[in-house]
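Please read the structure below before turning to the comments.
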Amino acid sequence: MARRVFVMAAAAVLAACASKEPQPPPATAAVSAAPVPPPPKSGLDLTGFDRGVRPQDDLYRFAGGGWLARTEIPADRSNYGSFIILDDQAKEEVRGLIVAAAQQPNRTPGSDAQKVGDYYNAYMDTTRVESLGLAPLHAELARIDAIATPRDVARYIGYSQRLGVAQPFAWFSTADKKDSGVYLGQVYQNGLTMPDRDYYLNPEDKYAAFRAKFAEYVEQMLARAGERNAKSAAARIAALETRLANYQWTKVQNRDPVKTYNPMTLPEYQKLAPNFDWLAFFDGLGAPVQKQNFYQPSFIKGVGQLVKTVPVSDWRLYFKFQLLDDYAPYLSAQFADLEFDFHGRTLNGVKEQKPRWRLALESMDGNMGELLGKQFVEKYFPPEAKQRMLGIVGNLLKAMDQSMDGLEWMGPETRAEAKKKLSKITVKIGYPDKWRDYSAFVVKGDDLVGNVLRGQEFEARRQIARSGGPVDKGEWLMNPQQVNAYYLSSSNEITFPAAILRPPFFDLGADDAVNYGGIGSVIGHEISHGFDDSGRQFDGDGNLRDWWSAEDGAKFKQRADALVKQYAACTVLDNRPLNGELTLGENIGDLSGMAIALKGYRLSLAGKPAPEIDGFTGEQRFFLGWAQVWRRKYRDEELLKRLLTDPHSPSEFRSNVPASNIDAFYEAFEVKPTDRLYRPPEQRVRIW
Ligand SMILES: [Zn+2]
């Protein structure tokens, strides 16, 4: 579903939203006999190492080569690694909670248990889903059939936001980038079925093949829904999407917070897209006309043109297909299987659909995530974890502050502003202080599609209602059961959901070095997002404001450009280079995050020497802790997609490139000029 993805467009996350499967046994600590105190546990999973590789040549494979060699990507996954293994664990735990709710007799209507149990039961009742076929969408399809004029088209685009379909652009409300205490309506380009505009426009054979499969998919979906001229309809839909792709901005352009900040009042956006009936749009959305920000004005101008020139009958076909494509997973197998075949198999290389209970959980995460999260943390998040995390975060913030003092490239005014911003960072750990109120969300035990529709409407209403009002600084953009983390520039906050606070990221029972290398670097990564090429353009109160001296800005850019080149020199899949500009913010996060975490680790030692554990020094374990977090395998289709769409570099480079820029890595492992990860000192990039 589109909406959450777009809301997340405002935040920098640790990893592309992951999916899930069965977990390996937890690494067991050495068992010791009676009174002798056990040796400290390192937190390293040595069984996954490859001792045939030298860390100086390839840290990633030294710490993960054994795991890579013995692990196969499960058939229902596009990629597999630490994030997904932890997600599997959290999903199993949440499943237990849900099944318990679903089996409770006499659940009070409207209670959390009723909502959770009935959503799950409706999802799992495949007999009913099969018997209904397309019937649950009949009313929505009839609504599309009634579209007769360009004004109706605009009204429906507004209305489609409430279904979570949101085509050809998405509307949502987030903090105003220049007035961060107020929610502002936001318009973001959308409208494509395939993952990126390149899938429509790139002349390479690979993409031409995707386009051919896409046309087939659209045709079959429409045919199954009873469309008579499905082949020509599919051609018209593909043509419309291609025109939208042409108007779309690239993902690199979309990273620019200044160019994507274009707040306008009604007369202004009426002038921008005069052929688009904005009053009808707001009528369909169910929101008062308001000032809003247009991320990509030229795209909206293009949509206005298309609403004027493309026949209304084509728009009807397009809307029908978009609705089917988004809701097929909740329909009978002939629709759900077809949707998986294209989106799962063709686009991501996945071999098999996930078990239905997992699909149910993913849908529930999207529509009632905090209801599940509340129960999850009560049972699975130990309060001690929060305490130890606060200690690590404290050391990281202190380390970043000290690091700013030592930056030879930064002048005193910019430094003072940077330190002020750092001191204003808000830290959120585990779960929100105040849970979302789902009382207005109606869930029925026999109405899967209705539950999803109402869930989307519930979320849309929440966003509409808050628009123009004060920002809720306590809001979380991720669920506690999600294995990820984020920095949000508009509130200058870093957030770590409960489910990532586990090994290999964080191990309550282990020595500090690996914890600082793992979760410490993650914390440093999120802090650094406040100071990456995009985040640095916001101040400590979350407002887009240039607080840099021209000279310091230029010096920052010089360093960032060097990092762009380093990553652009990395290749995957038959020599395809990484996009160093698309991944720049995340790469700065990784490099600076690790550098700061290392300083934080040194602070934690308070002058005492680190013990040697498992044959490694403290600083060696720090680097290995980071590397083992990134164990991950990708299917080719998935990796190809990520090269175009994922602002994060592939895991191997997240592990190796930052290390190769940090002097302490050279000292820890005695890296020599003949080693593969060696960079001459003058080529090492240090930003924060
Ligand atoms: Zn990030």
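Derived scalar couplings between HN and Hα for segment 182-197 equal 10, 7, 10, x, 10, 10, 10, 4, 6, x, 9, 7, 7, x, 7, 4 Hz in order, rounded to whole Hz, by the Karplus curve 6.51 cos²θ - 1.76 cosθ + 1.60 (θ = phi - 60°), x for Gly and Pro.
Between the helical axis of 297-309 and the longest alpha-carbon principal axis of the chain there is an angle of about 20 degrees. Site pair residue 568 and residue 546 shows an inter-label distance of 2.3 nm when each label is modelled 7 Å from Cα along Cα→Cβ.
Here each label is just a point 7 Å from Cα along the line to Cβ, and for residue 462 and residue 179 those points are 2.4 nm apart. Less than 5 angstrom separates the built amide H of residue 538 from those of 545, all sequence-distant by 5 or more or on a different chain. Other residues with beta-carbon under 13 Å from the beta-carbon of residue 610 carry, at +1 per Lys or Arg and -1 per Asp or Glu, a net charge of -2.
Heavy-atom accessible area with a 1.4 Å probe sorts 507, 437, largest first, into 437, 507. With θ taken as phi - 60° and the Karplus curve 6.51 cos²θ - 1.76 cosθ + 1.60 applied, the whole-hertz 3J(HN,Hα) list for segment 579-584 is 8, x, 7, 4, 9, 4 Hz, x standing for glycine and proline.
How much net charge surrounds residue 176 when only other residues with a Cβ under 13 Å from its Cβ are counted (Lys, Arg +1; Asp, Glu -1)? Before the final figure, lay out each step's value.
Details: positive: 177, 178, 291, 466, 545; negative: 179, 541.
Result for the neighbourhood of residue 176: +3.
Mind running the shape call on segment 239-292? Use the C-alpha gyration tensor, a ≥ b ≥ c as the square roots of the eigenvalues: rounded below 1.5 for a/c, prolate if a/b tops b/c, oblate otherwise. Note, shape of segment 239-292 comes out oblate.
Taking the square roots of 5 times each eigenvalue of the Cα gyration tensor of segment 105-147, largest first, gives ellipsoid semi-axes of 29, 15, 6 Å.
At 222 nm, what helix-only mean residue ellipticity would the chain give, in deg cm²/dmol to the nearest 500, using -39500 (n - 2.57) for each DSSP H run of four or more?
-16000 deg cm²/dmol
For 511, 541, 176, the ranking by accessible surface with the largest value first comes to 541, 511, 176, using a 1.4 Å probe.
Per residue, how big is the convex hull around the C-alpha atoms of segment 68-181? Give it to me in cubic angstrom, could you?
Working: hull volume 29.7 nm³, N = 114.
It comes to 261 Å³ per residue, whole-number rounded.
Would you kindly give the portion of the calculated P(r) for segment 398-439 that falls above 12 Å, as a percent of all Cα pairs?
Details: 592 of 861 pairs.
Looking at segment 398-439, the distances longer than 12 Å represent 69 percent of pairs.
Computed over segment 616-661, the range of Cα coordinates on each principal axis works out to 39, 20, 11 Å, biggest value leading.
The angle separating the long axis of helix 59-70 from the principal Cα axis of greatest extent in the chain is about 60 degrees.
Given segment 245-340, report the % of alpha carbon pairs whose separation exceeds 21 Å. Distances greater than 21 Å cover 50 percent of the Cα pairs. Within the chain, antiparallel bridges make up roughly 75 percent of the DSSP beta bridges whose residues both belong there.
With Cα atoms as the point set, the radius of gyration and Dmax of the chain evaluate to 25.3, 82 Å.
For segment 536-688, the Kirkwood estimate of the hydrodynamic radius, built from every pair of different alpha carbons, is 17.2 Å.
Counting Lys +1, Arg +1, Asp -1, Glu -1, what net charge surrounds residue 425 among other residues with beta carbon under 15 Å of its beta carbon? Working shown, then result.
Details: positive: 398, 419, 420, 421, 424, 428, 473, 536; negative: 401, 417, 493, 526, 532, 539, 541.
Once all neighbours under 15 Å are counted, the net charge is +1.
Scaled to the globular estimate 2.2 N^0.38 Å, the Cα spread of segment 212-262, given as radius of gyration, is 1.62.
Which order do 232, 491 take when ranked by solvent-accessible area (1.4 Å probe, heavy atoms of all protein chains), largest first?
Details: 232 55, 491 20 Å².
Listed by decreasing accessible area, they come as 232, 491.
3J(HN,Hα) along segment 544-559: 6, 7, 7, 9, 9, 6, 4, 5, 5, x, 5, 5, 4, 5, 4, 5 Hz, from the Karplus curve 6.51 cos²θ - 1.76 cosθ + 1.60 with θ = phi - 60°, whole Hz, x for Gly and Pro.
Across the accessible surface of the chain, with the other protein chains kept in place and a 1.4 Å probe, carbon and sulfur atoms take up 52 percent. At an R0 of 60 angstrom, the distance between the Cβ atoms of residue 608 and residue 228 translates into a FRET efficiency of 0.15.
Please work out the average accessible area per residue across the chain, using the 1.4 Å probe convention, and give it in Å². Spell out each step's value before the answer.
Numbers: 26520 Å² over 688 residues.
In whole numbers, the chain has 39 Å² accessible per residue.
State which stretch of the chain is the longest one without any exposed GluC sites (Glu not before Pro), exposure meaning a DSSP loop state and at most 13 other Cβ atoms within 10 Å.
Numbers: sites that count: 72, 204, 352, 408, 612, 670.
So the longest stretch without any such site is 409-611.
The values are calculated or read from the model by the stated rules, or taken from the named source; none is laboratory data. The structure displayed is predicted, hence computed values, not measured ones. Neighbour counts run over all protein chains shown; Cβ positions are idealised from the backbone, glycine included. Please note that ligands, DNA and RNA were not included when accessible areas were found on the heavy atoms of the full protein model with its side chains. Shrake-Rupley method; radii C 1.70, N 1.55, O 1.52, S 1.80 Å.
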